[in-house]
Amino acid sequence: MSNAPGTSTPSVATAVELISAAAAANGQSSTSTCTPALAMPPWEFDGARLPDYGPGASMHDSAPPATPRQGSLPEDYRQASDAELHRRIEAAKEKLGGRAVILGHFYQRDEVIRHADFVGDSFQLAKAAKSKPDAEAIIFCGVHFMAETADLLSGPDQAVVLPNLAAGCSMADMADIDSVTACWGQLTELFGSEPDDDGRLPVIPVTYMNSSAALKGFCGENGGIVCTSSNAAAVLEWAFERGRRVLFFPDQHLGRNTAKAMGIPLEAMPTWNPRLALGGNTVEQLRQSRVLLWNGFCSVHKRFTVAQIEKARADFPGVRVIVHPECPMPVVDAADEAGSTDYILKAIDAAPDGSTFAIGTEINMVNRLAAQYPQHTIFCLDPVICPCSTMYRIHPGYLAWVLEGLVRGEVLNRITVPATVAVPARTALERMLAARP
Ligand code: SF4
C-alpha cells in the first residue's frame, strides 16, 4: 500500500474525453474505448436508471434487484467543473482534518486518487482504516464489498462512507447469499455434514475477499474462510487440512488458477452454475471433486487474451508479461507471471531500469504505474480503454458531496454491516489472518 501519489499525467477519464471528442469530430479515433457510454457522467445512472452497472467493462452484466440505489447527486455537484470540485474537496478535507480519512483503491480514477490518504488493494485499505481509530469517517473510494470489509474491521463509532452507492462489483454480485445457501443445501444432502475418519469435513466454503459481507458471514458460520488474491494458495491449504473438498466463490478463475498451480487436476474442479440442479454436474463429478468453482468472473480481467500476450511479445521482444489471477486460465498460463495488484506493484518496483512490462489488470492502475515508473516501459495488455465500470462511478462530484455533508455534520451513504452478519464474517477474516503465510 502507498500514500496517495500526486498524479499529473493524463488520466483515464481525460483519455476517454479526448477519444470521445476525436471520435465525434472525425467519426473515428486511433485508440478506442469499450463503449462510447464511458464519456457519459456517472450521475446519468443514478437512481431508477439502474439496474445495469453502467459504462465500462461490466456494463453488460445486469445488477441484481437488491443492489443499493444511489439517489440523484445534487445539481451543483453535477454542474461543477473539475477544477471547482477539486477545490471543494480540498477545502472540505482541510476543515475535517483528522476526522476523516480517504481511502482509494488501485483501480480508482486519478481525479479521486489525488485526494486519497491511502492507496491500495481492498484488504490493505480495510487495514489502513483500522490504523486510524481516531477518524470518525472513513471515505472508501472503491466498491460496495470493500466498504463493508472496512466496516467489519473499523471501530463501532467510525462511519464507513461509499461516495456512490451504485459502485458495486459485478463479480461479487454473481454469488448472492440465497444461491450459495441453496448450493450448500444440495451439497449437504449429497455428502452429509459429518467429518470423515481423518476428521475432515465434506466441504469447506472459501470466499474471495471480493464478495458480500453476507457470504463472509456464511463462511464464518460453516467452518470456512476468506482469501485474497495474494494468499489464495495458503488459504486453500488451510481448507484442505480441514475438508475433503472446497466450495470456492465467487471467482472461478482465481480458484482454478490457484488450485491448478497446487497440482489439482482440472477434472477435479467442476464449475457450479447456480441456475442448474447440482450446479449442472453429475453426482459422480461432485464426488470426485476437490474444488467446486462458482461460475463467477471479473468482467475487467476476462477481457485479457492469449492473442494480446502474443502481440505484446512480437512488438516488444523481452517484454515481461504479468497478469492478475482473476484472468482466465489460458491467459495466466501464457503469461510470464501472475499475481495480485500488490505483486505487480512490487515486481515493477524491483525491476532494473529500462524494463518493459505488459500488464493484465485494470487500466487506471496500469497507467498510474506507467506514470510513476518512467524509467520503464509499462502498458496494458488490452489496447482498448476499459476501466472497471463500477469503480469509475466514484466521480469527484460524489466525493465532494459526501465530504461537504460531513463538514455539515451529515453522514451520507453510510455502509453498515448488521451484527448478525458481522460477527461470523469477522471469524472468517480472522481465520484468514491466522492462515496467512
Ligand atoms: S475490477 Fe472486477 S473484481 Fe474488481 S471491483 Fe471491478 S468488477 Fe469487481
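Observations, loosely collected:
- Residues that are of a type in the set (A, V, I, L, M, F, W, C) and either part of a strand (DSSP E or B) or within 16 Å of the ligand (Cβ to nearest atom) (or both) within segment 257-304 comprise Trp272, Val291, Leu292, Leu293, Trp294, Phe297, Cys298, Val300, Phe304, listed in sequence order.
- Looking at Val331, Val321, just one residue is more than 18 Å from the chain's Cα centre (by Cα) and within 16 Å of the ligand (Cβ to nearest atom), and that residue is Val331.
- Qualifying positions in segment 49-105 - farther than 25 Å from Glu404 by Cβ and either of a type in the set (S, T, N, Q) or more than 16 Å from the ligand (Cβ to nearest atom) (or both): Ser58, Ser62, Pro65, Ala66, Thr67
- Listed here are the helices (runs of 4 or more DSSP H) enclosed by segment 143-256 that have at least 3 residues being under 18 Å from the mean Cα position of the chain (by Cα) and either in contact (Cβ under 8 Å) with a residue 12 or more places away in the chain or crowded, with 20+ Cβ neighbours inside 10 Å (or both): 144-153, 213-221.
- Residue match in segment 374-397 (condition: away from the ligand (no atom under 16 Å from the Cβ), within 18 Å of Thr361 (Cα to Cα) and among the hydrophobic types (A, V, I, L, M, F, W, C)): yes
Just so you know, all these numbers are worked out from the coordinates, no wet-lab data involved. Everything numeric in this text was worked out from a predicted model, so none of it was measured. All Cβ positions, even for glycine, are placed from backbone atoms using ideal geometry, and neighbour counts span all protein chains on display.
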